Amino acid sequence: MAEINDQGNVQARCPGCRGALSSFEWRTATGIHGTVRASSFKHRYWNDAKLDYRLFRCAGCGRGGIGVIAYGGDSNFPGSYRELYDFYPEVRDRLQLPKDVPKGIGKEFREGEKCLESGTIRAAAGMFRSVLDKTLRANGYKLKNGTTLEQQIDMAADDGVITAARRRRAHEEIRVLGNDVLHDEWQEIAIEDVEAARHYAQRVLEDFYDDRQSVLKLLREAGRVPDEDKQPPAAAT
Ligand SMILES: [Zn+2]
């Protein structure tokens with residue numbers, strides 16, 4: 001969560017600095033980056049506060065940012081007191097994924113994280129369900145078009161690729177939540193529920209891809225055909 005300090009600079013996780021916590025500065029040695037004064041208004045605590053849309057620059061990578069800030073107590077920014085209402089761009093922490101995770105599945109997971117960052121919570125839930133779905137398919141659990149995600153999770157647990165505990169979490173935290181989004185009436189869902197889906201989707205990816213060679217052996221013993229064993233389609237002649 002971005003925070004503003006007494007000097008008026010903003011501390012936020014910067015997308016240009018790989019999500020590291022960075023300082024976004026509002027001025028240079030010679031001037032300021034720019035500001036739009038939206039209004040003077042009565043803040044809930046302070047009389048005659050000002051509301052600014054203010055430009056910032058990351059001290060690490062130089063990326064620009066914009067903050068929505070109320071301040072008061074002094075007519076010049078950053079005032080004697082201030083409150084940061086909004087800041088862009090800001091990334092949240094990114095969960096580590098095993099290096100063997102297929103590219104498309106990794107991208108799907110990151111898109112889920114981006115949805116969470118931008119507050120599109122339902123979209124994020126759909127993405128994490130999709131990560132689970134695509135992971136099981138890539139590991140040979142989609143036997144035919146009619147094989148449901150529910151059945152695929154159970155098969156992976158029966159083969160010993162995921163534990164019984166993970167089976168339960170995959171059902172409860174990822175599949176059911178995602179299904180609610182995809183198939184039920186629109187309703188608000190809690191960000192905490194989607195955070196849990198993100199967490200367990202990452203765990204499932206670790207189960208399948210942390211020690212890929214051992215998992216491949218297990219899959220082959222169970223008669224599954226993971227993507228690694230599939231023949232590429234013959235080139236058209
Ligand atoms: Zn940066």
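The values are calculated or read from the model by the stated rules, or taken from the named source; none is laboratory data. As the structure is a computational prediction, the values presented were derived from the model and not from experiment. Note: ideal-geometry Cβ built from the backbone for every residue, glycine included; neighbour counts use all protein chains shown.
The set of residues from the range 5-40 being of a type in the set (Gly, Ala, Ser), within 16 Å of the ligand (Cβ to nearest atom) and closer than 21 Å to Gly73 by Cβ is empty. Residues of the range 97-123 being farther than 13 Å from Ala201 by Cβ and either of a type in the set (A, V, I, L, M, F, W, C) or more than 11 Å from the chain's Cα centre (by Cα) (or both), which ones? Scanning the range 97-123 gives Lys99, Asp100, Pro102, Lys103, Gly104, Ile121, Arg122, Ala123. Just wondering, is there one or more residues in the range 226-235 that are among the hydrophobic types (A, V, I, L, M, F, W, C) and under 21 Å from the mean Cα position of the chain (by Cα)? There is no residue in the range 226-235 that is among the hydrophobic types (A, V, I, L, M, F, W, C) and under 21 Å from the mean Cα position of the chain (by Cα).
Kindly establish whether Tyr209 is modelled with pLDDT of 95 or more, surrounded by 14 or more Cβ atoms within 10 Å (Cβ to Cβ) and in contact with a Lys or Arg (Cβ under 6 Å, 6 or more places away or on another chain). Against the criterion (modelled with pLDDT of 95 or more, surrounded by 14 or more Cβ atoms within 10 Å (Cβ to Cβ) and in contact with a Lys or Arg (Cβ under 6 Å, 6 or more places away or on another chain)), Tyr209 does not qualify. The residues of the range 21-43 that are modelled with pLDDT of 90 or more and either part of a loop (DSSP other than H, G, I, E, B) or in contact with a helix residue (DSSP H, G or I) (Cβ under 7 Å, 6 or more places away or on another chain) (or both), listed by number, are Trp26, Thr28, Ala29, Thr30, Gly31, His33, Gly34.
In the range 24-48, which residues are without any contact (Cβ under 8 Å) to a residue 24 or more places away in the chain and either touching a Ser or Thr at 6+ places or on another chain (Cβ under 8 Å) or not assigned by TED's automatic domain parsing to the domain that holds Asn9 (or both)? Of everything in the range 24-48, nothing turns out to be without any contact (Cβ under 8 Å) to a residue 24 or more places away in the chain and either touching a Ser or Thr at 6+ places or on another chain (Cβ under 8 Å) or not assigned by TED's automatic domain parsing to the domain that holds Asn9 (or both).
Rundown of residues vs (1) surrounded by fewer than 11 Cβ atoms within 10 Å (Cβ to Cβ); (2) out of contact with any Ser or Thr (no Cβ under 6 Å at 6 or more places or on another chain); (3) within 16 Å of Lys134 (Cα to Cα); (4) acidic (Asp, Glu), yes/no style:
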position: Leu149; (1), (2), (3), (4): no, yes, yes, no
position: Gln152; (1), (2), (3), (4): no, yes, yes, no
position: Arg168; (1), (2), (3), (4): no, yes, no, no
position: Glu172; (1), (2), (3), (4): no, yes, no, yes
position: Glu192; (1), (2), (3), (4): yes, yes, no, yes
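Rundown of residues vs (1) within 16 Å of the ligand (Cβ to nearest atom); (2) among the acidic types (Asp, Glu); (3) farther than 30 Å from Arg110 by Cα, yes/no style:
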| position | (1), (2), (3) |
| --- | --- |
| Met1 | no, no, no |
| Lys42 | no, no, yes |
| Gly73 | no, no, yes |
| Glu90 | yes, yes, no |
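The listed residues are Gly60, Gly65, and the only one of them that is in contact (Cβ under 8 Å) with a residue 40 or more places away in the chain, closer than 28 Å to Arg92 by Cα, touching a strand residue (DSSP E or B) at 6+ places or on another chain (Cβ under 6 Å) and surrounded by 17 or more Cβ atoms within 10 Å (Cβ to Cβ) turns out to be Gly65.
In the set Ser39, Ser118, only one residue is of a type outside the set (Phe, Trp, Tyr), exposed (fewer than 15 other Cβ atoms within 10 Å of the Cβ) and touching a Lys or Arg at 6+ places or on another chain (Cβ under 9 Å); that residue is Ser39. Taking first residues from the range 93-121 that are closer than 25 Å to Asp227 by Cβ and partners that are surrounded by 15 or more Cβ atoms within 10 Å (Cβ to Cβ) and aromatic (Phe, Trp, Tyr), the Cβ contacts under 7 Å between residues at least 6 apart in sequence or on separate chains come to Leu97/Phe109; Pro98/Tyr209; Asp100/Tyr209; Val101/Tyr209; Gly112/Phe128. For the range 98-125, the set of residues classified as over 24 Å from Asn179 (Cα atoms) and among the aliphatic types (A, V, I, L, M) is empty. Residue pairs whose Cβ atoms lie under 7 Å apart, separated by 6 or more positions or on different chains, with the first residue in the range 7-20 and in a strand (DSSP E or B) and the second near the ligand (Cβ under 9 Å from one of its atoms) and of a type in the set (Phe, Trp, Tyr), are Val10/Phe24; Ala12/Phe24.
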